[in-house]
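The values are calculated or read from the model by the stated rules, or taken from the named source; none is laboratory data. Nothing here was measured: the structure is a model prediction, and the numbers come from that model. Methodologically, a virtual Cβ is constructed for each residue, glycine included, from the backbone with ideal geometry; neighbour enumeration extends over all protein chains shown. Just so you know, the surface numbers come from the protein's heavy atoms only, side chains and all, with ligands and any DNA or RNA stripped out. Shrake-Rupley method; radii C 1.70, N 1.55, O 1.52, S 1.80 Å.
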Amino acid sequence: MKLQLIRHATLWLQYAGVSFLIDPMFSDAKVNPPIVNSTNDRRNPLVPLPFAILDRHQPDVVLVTHLHQDHWDAAAAAAILKSTPILCQPDDDTTIASSGFTSVTTIKETLTFKGVTIIRTCGQHGTGDIGKKMGRVSGYVLKADDQPTLYIAGDTIWCDDVKQALDDHRPDMTVVNAGGAQFSVGGPITMDADDVVSLCQYASYTKVVAVHMDSINHCLVTREDLYSRMAVEGLLDQVAIPGDGDWI
């Protein structure tokens, strides 16, 4: 297994002979406005892509956790070949297919793609009314013969859904969307440093890869912030914080 952070939540994964593109956001830097009701006016994405993704990588399949613009944007929909298989959570297939994609499949619970078992997990994209308004989000656990178990948690805070996925699958590696994304009111809608610490303490057996930072204006926890906190907690051996373009 090889995992590359492209930018934000966009990942390139080589797993059991299958090339996955996960949560593609291809927009050029600063072409989109700030997130509505955020605490600063920086335009998104904050940084450019590290390279032209499809010049280097042609995926066997695209895996989409949910349809918020920082996980599936118009630029990605325009660039990806329309015949590329797309896997997504229930009810997102109609929107994706409306962009011309001809092979869109929902994962209700479990699906096998070219020998890789993909299990959909749940999450909590914030709390209270904000969490409800953010809608359904999913994560995915990937398993295959002679491969480590990988858990991509998606846009979620630390919650019982994440604990359940960890308990059920005991992943060797867990990718978390950190950054403490937050609006001007309410609490974080993705994991902040406290959440990453809680996950590490709950599941000391899993290697944590923290992404989803330094790219969108309402993600207020930076890589530097998270690195400092992990150092204080003695968790740097368990937590990797890749830069854009880095491989794990």
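For M230, indicate whether it is assigned to a loop (DSSP other than H, G, I, E, B) and in contact (Cβ under 8 Å) with a residue 24 or more places away in the chain.
On the way: assigned to a loop (DSSP other than H, G, I, E, B): no; in contact (Cβ under 8 Å) with a residue 24 or more places away in the chain: yes.
No.
For the range 153-166, enumerate the residues that are open to solvent by 10 Å² or more (accessible area, probe 1.4 Å) and aliphatic (A, V, I, L, M).
Scanning the range 153-166 gives a single hit, I157.
Limited to the range 57-79, what total is found for residues that are farther than 19 Å from S215 by Cβ and assigned to a helix (DSSP H, G or I)?
Residues flagged as farther than 19 Å from S215 by Cβ and assigned to a helix (DSSP H, G or I) within the range 57-79 amount to 1.
Which of the residues belonging to the range 62-105 are surrounded by 12 or more Cβ atoms within 10 Å (Cβ to Cβ), over 22 Å from V176 (Cα atoms) and hydroxyl-bearing (S, T, Y)?
Of everything in the range 62-105, those that are surrounded by 12 or more Cβ atoms within 10 Å (Cβ to Cβ), over 22 Å from V176 (Cα atoms) and hydroxyl-bearing (S, T, Y) turn out to be T84, T95, S99, S103, T105.
What are the residues in the range 191-224 that are more than 20 Å from R43 (Cβ to Cβ) and either of a type in the set (D, E) or assigned to a loop (DSSP other than H, G, I, E, B) (or both), if any?
Answer for the range 191-224, where residues must be more than 20 Å from R43 (Cβ to Cβ) and either of a type in the set (D, E) or assigned to a loop (DSSP other than H, G, I, E, B) (or both): M191, D192, D194, D195, A203, S204, Y205, T206, E224.
Looking only at the range 1-57, count every residue that is open to solvent by 10 Å² or more (accessible area, probe 1.4 Å) and among the β-branched types (V, I, T) and tell me the total.
The qualifying residues number 5.
Quick test of your reading of the structure: S184 fulfils all but one of (1) open to solvent by less than 50 Å² (accessible area, probe 1.4 Å); (2) in a loop (DSSP other than H, G, I, E, B); (3) of a type in the set (G, A, S). Name the failing condition by number.
(1) is the only condition that S184 fails.
Kindly evaluate M230 against the criterion of being surrounded by 19 or more Cβ atoms within 10 Å (Cβ to Cβ), closer than 30 Å to A29 by Cα and more than 17 Å from the chain's Cα centre (by Cα).
The answer is yes for M230.
Residue-by-condition table, conditions (1) without any contact (Cβ under 8 Å) to a residue 24 or more places away in the chain; (2) of a type in the set (K, R); (3) under 25 Å from L150 (Cβ atoms):
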site: V18; (1), (2), (3): no, no, yes
site: P24; (1), (2), (3): no, no, yes
site: T39; (1), (2), (3): no, no, no
site: L46; (1), (2), (3): no, no, no
site: L49; (1), (2), (3): no, no, yes
site: R56; (1), (2), (3): yes, yes, yes
site: T65; (1), (2), (3): no, no, yes
site: H71; (1), (2), (3): no, no, yes
site: A75; (1), (2), (3): no, no, no
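Taking interchain pairs and intrachain pairs at least six residues apart, which have beta carbon atoms under 8 angstrom, with the first residue in the range 112-139 and on the phi < 0 side of the Ramachandran plot and open to solvent by less than 40 Å² (accessible area, probe 1.4 Å) and the second assigned to a helix (DSSP H, G or I) and modelled with pLDDT under 95?
Filtered contacts from the range 112-139: H125/G131; H125/M134.
Out of all the residues in the range 198-218, which are open to solvent by 10 Å² or more (accessible area, probe 1.4 Å) and in contact with a Phe, Trp or Tyr (Cβ under 7 Å, 6 or more places away or on another chain)?
Matches in the range 198-218: S198, H218.
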